[in-house]
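Presented below is the structure to which this report refers.
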Amino acid sequence: MLRLELRPQASRTMTFVAPLLAIAATVAAGGVLFAALGFAPLPALATFFLSPLGDLYGVTEWLLKATPLAIIACALALGFRGNVWNIGAEGQLIAGAIAAGGTALALYEVSGLWVLPTVLLAGVVGGAAWAAIPALLRIRFHANEILTSLMLNYVAVLLLAWLVHGPWRSPEGYNFPETRMFTDSALMPLLVEGMRLHVGVLFAPLVAVVAWVILSRSFLGFQIKVIGMTPAAGSYAGFGPNRVIAFTLMFGGGMAGLAGAMEITGPIGQLVPTVSPGYGYTAIIAAFLGRLHPIGILLAALLLALTYMGGDAAQIALGVPLAVTQVFQGMILFFLLAADVLIRYRVRLSLPHGARR
Amino acid sequence: MKITRRAGLGLALAMGLFGATQALAAEPLKVGFVYVGPIGDHGYSYQHEQGRLAVEKHFGDKVKTTYVENVPEGADAERVIRQLASSGHELIFTTSFGFMNPTAKVAKQFPKVKFEHATGYMRAPNLATYMARFYEGRYASGVAAGRLTKSNKLGYIASFPIPEVVRGANAFTLGARSVNPKAEVRVVWVNSWYDPGKEREAAEALMAQGVDVIAQHTDSAAPVQAAEEKGVWAIGQASDMSRFGAKSHLTAIIDDWSGYYIARVQAVLDGKWTSTDTWDGFDKDMVRLAPFNPSTPAAVRDEALGVERQIKEHKFHPFTGPIKDQSGKEVVAAGQIVPDSDLLKMNWFVEGVVGSIPK
């Protein structure tokens, strides 16, 4: 019988070997999946993982897609460490996009180097303000922030829809739901000419470093960790959870807002009804896939971004249906999370108790 | 570790092979399609997919088609469109309004690739637009609905307050009131193109208000199914949805892109493709009515089909005055026809619509 045995300490070797095992398992199971559906397994896998990164454009798009995931996930991870469950990053991203977009439209006639920083700052404030609502409800009324932050996502979606269908609608847009295209002053400067990758990608490592410093070098980070492990211990030590709740929710919201602001001032260039393909939700997966550690999250964001691009590439190059690519993406996550068991447990072969005699 | 490295080698080898097969297959004309919904929606994206399949059937080996479904209308669309353009697709159809700016951007970067964007207004030498006059089908189905209603309350499940949807609701209302001046149309916005749950709720809310004919400008068959359970009439969207409501499915307004897609592919093959602005309806069979339910009274059916024929032969235009707006003010004088330029940006409801356009 296979038996799982708790290790006295988490295994350092397994921390590194587990993801590799997961990748091997994914490649094997993915190969079987593709073969069963009549696609040659190796070319299919190569299309999925390698072809999206075959040229400079692919690499820049990869980084562009991973950026919002990494920024949001790094910020959310702080809250998750401290038992604050912010599920509302999608809404906070949209609120940030609304605030940033409104600022960009208000400064439509203005040009200057300060326009873009103002727009981005508005995004951060917008996202943080949106997250302040569940923070307030939790601190003041003990309302569960999982529910309140999640439900505010739908409110943000509708608010954005109302704005772009109504007051902020482009006067030149034939009454279609879109704002005017932002002027150059409000657009993110590009990193590579002709590509969509913009300087915002640099925020991803920056936020990761900030998150790391907060967590491991500050008293606030200490409070987050203590409250995350045993909420009661915090109050014995003389600090309540309120500061941690307020900070982690609003930091997560602010960074989601920044990501939203950079989407609309980067690749999109205007406010439209859909500004995010669900980055706020995917970032939750990225945070846990990266084991709530900034470096792990950066890697997880890159991996998730690659799986989405691989899904597109497989549809385009091979005609693999979307449902199959989604099953495959699910398999990757499944194996990665399953392999994590090996870090804290070891597998033992033993006879069941009944058969021992 | 070993396993991983070997797999890596295999992948690298496979990449080489993969590249080779791609080069060999470069001969047929590659045509790409980008859909906003899943091809299984039985509505809008499903019908575009039927068009793609018709292209494959018609041209056989001469073309190779590719589709990407469920593409979000946001930053991702541009990448998908560009991937199609850079992987040898010479003609690319992007089928949703939200793909307009991304399509225009990619079209600028790939001047030799031909792009076609559905429902938008941006054009370029290598970017054409196309759209169907769905409102013609809505008017004709409205005529039947106006005759069949007993409560004089018709329901209209609307997606987003964009001109195309407003136009459709207006045409349906004008059609119904042309035969039944007492008819009123209740519009419910569900803020989605495809959300079976919300569409069903909207249908149930309408039926609870006494509505006995439901039309929809959303893509799932959920409203038809809800109507079937309650025994009221429903008008399907985009494809023939009669299999979802044997008793209740009155007719459907079918989008038929096959003819257009085949013609455009042929134009590229002949080297005669130019950037055009197409807005066809009954006349080119881009819009059709699905067969009426067998239990429809013959007089009602024949009257609606008669209207269809009139529109098809350009003897009648659904937006012919006098037309009043919701406040009762005459907006279009008797005998006048609303020009296309005004239809394209329509953002007001005609008299008889109950509900408002979110502003």
Is it the case that B:Asp219 is on the phi < 0 side of the Ramachandran plot, of a type in the set (D, E, K, R) and in contact (Cβ under 8 Å) with a residue 40 or more places away in the chain? yes
Counting only residues that are in contact with a His (Cβ under 7 Å, 6 or more places away or on another chain) and surrounded by 23 or more Cβ atoms within 10 Å (Cβ to Cβ), segment B:240-291 contains a total of 2
Are any residues in segment B:86-120 surrounded by fewer than 23 Cβ atoms within 10 Å (Cβ to Cβ), aliphatic (A, V, I, L, M) and more than 11 Å from chain A (Cβ to nearest Cβ), and if so, which ones? B:Val113
Residue check for B:Val166: over 16 Å from the mean Cα position of the chain (by Cα) and either within 17 Å of B:Val353 (Cα to Cα) or crowded, with 22+ Cβ neighbours inside 10 Å (or both): no
Assuming B:Pro358 fulfils every condition listed in (1) away from chain A (no Cβ under 14 Å); (2) at pLDDT below 95; (3) in contact with a helix residue (DSSP H, G or I) (Cβ under 8 Å, 6 or more places away or on another chain) apart from one, which condition is it? (1)
Candidates A:Val164, A:Val192, filtered to the one that is modelled with pLDDT under 95 and either assigned to a loop (DSSP other than H, G, I, E, B) or more than 25 Å from A:Ala283 (Cβ to Cβ) (or both): A:Val192
Search result, residues across segment A:27-47 that are within 10 Å of chain B (Cβ to nearest Cβ) and assigned to a helix (DSSP H, G or I): A:Val27, A:Ala28, A:Gly31, A:Pro41, A:Leu42, A:Pro43, A:Ala44, A:Leu45, A:Ala46, A:Thr47
With B:Ala203, B:Ala145, B:Ala215 as the choices, which residue is surrounded by 24 or more Cβ atoms within 10 Å (Cβ to Cβ), in a strand (DSSP E or B) and among the small types (Gly, Ala, Ser)? B:Ala215
For segment A:131-138, indicate whether the set of residues that are surrounded by fewer than 21 Cβ atoms within 10 Å (Cβ to Cβ) and basic (Lys, Arg) is non-empty. no
Restricting segment A:242-271 to residues that are touching a Ser or Thr at 6+ places or on another chain (Cβ under 8 Å) and outside any helix (DSSP H, G or I), which is surrounded by the most Cβ atoms within 10 Å (Cβ to Cβ)? A:Leu271
How many residues are more than 19 Å from A:Ala283 (Cα to Cα), in a helix (DSSP H, G or I) and either of a type in the set (A, V, I, L, M) or more than 9 Å from chain B (Cβ to nearest Cβ) (or both) if we restrict to segment A:305-324? 8
Reported set for segment A:48-69 where residues are more than 11 Å from chain B (Cβ to nearest Cβ) and under 18 Å from A:Ile332 (Cα atoms) is A:Ala66, A:Leu69
Do any residues in segment A:177-189 that are away from every other protein chain (no Cβ under 11 Å) have Cβ atoms under 8 Å from those of residues that are among the aromatic types (Phe, Trp, Tyr), where the two are at least six apart or on different chains, and which pairs are they? A:Thr179/A:Trp168; A:Arg180/A:Tyr108; A:Phe182/A:Tyr108; A:Thr183/A:Tyr108
With (1) closer than 26 Å to A:Gly30 by Cα; (2) among the hydrophobic types (A, V, I, L, M, F, W, C); (3) modelled with pLDDT of 90 or more as the list, and A:Ala317 as the residue in question, which single condition is left unmet? (3)
Just a yes or no: is a residue in segment B:169-182 hydroxyl-bearing (Ser, Thr, Tyr), in a strand (DSSP E or B) and at negative phi? no
Index of the failed condition, A:Ile72 passing every other in (1) without any contact (Cβ under 8 Å) to a residue 12 or more places away in the chain; (2) assigned to a helix (DSSP H, G or I): (1)
Reported set for segment B:223-241 where residues are in a helix (DSSP H, G or I) and under 23 Å from B:Ala169 (Cβ atoms) is B:Pro223, B:Val224, B:Gln225, B:Ala226, B:Ala227, B:Glu228, B:Lys230
Inspect segment B:331-348 for any residue being away from chain A (no Cβ under 14 Å) and among the acidic types (Asp, Glu) and give the result as yes or no. no
Can you confirm whether segment A:286-300 contains a residue that is buried (at least 22 other Cβ atoms within 10 Å of the Cβ), within 14 Å of another protein chain (Cβ to nearest Cβ) and in contact (Cβ under 8 Å) with a residue 12 or more places away in the chain? no
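Can you confirm whether B:Asp240 is under 30 Å from B:Pro339 (Cβ atoms), of a type in the set (Asp, Glu) and either at pLDDT below 95 or in contact with a helix residue (DSSP H, G or I) (Cβ under 7 Å, 6 or more places away or on another chain) (or both)?
Values: under 30 Å from B:Pro339 (Cβ atoms): no; of a type in the set (Asp, Glu): yes; either at pLDDT below 95 or in contact with a helix residue (DSSP H, G or I) (Cβ under 7 Å, 6 or more places away or on another chain) (or both): yes.
No.
Of all residues in segment B:308-359, which are aliphatic (A, V, I, L, M) and without any contact (Cβ under 8 Å) to a residue 24 or more places away in the chain? Step through it out loud before you land on a result.
Start the filter on segment B:308-359 by keeping residues that are aliphatic (A, V, I, L, M), which leaves B:311, B:323, B:331-334, B:337-338, B:343-344, B:346, B:350, B:353-354, B:357.
Hits for segment B:308-359 are B:Val331, B:Val332, B:Ala333, B:Ala334, B:Ile337, B:Val338.
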On the given criteria, is A:Ile87 modelled with pLDDT of 95 or more, assigned to a helix (DSSP H, G or I) and within 21 Å of the chain's Cα centre (by Cα)? no
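The values are calculated or read from the model by the stated rules, or taken from the named source; none is laboratory data. Since the model is a prediction, treat every value here as computed from it, not as a measurement. Because the Cβ atoms are built from the backbone with ideal geometry, glycine has one as well, and the counts that use them run over all protein chains shown.
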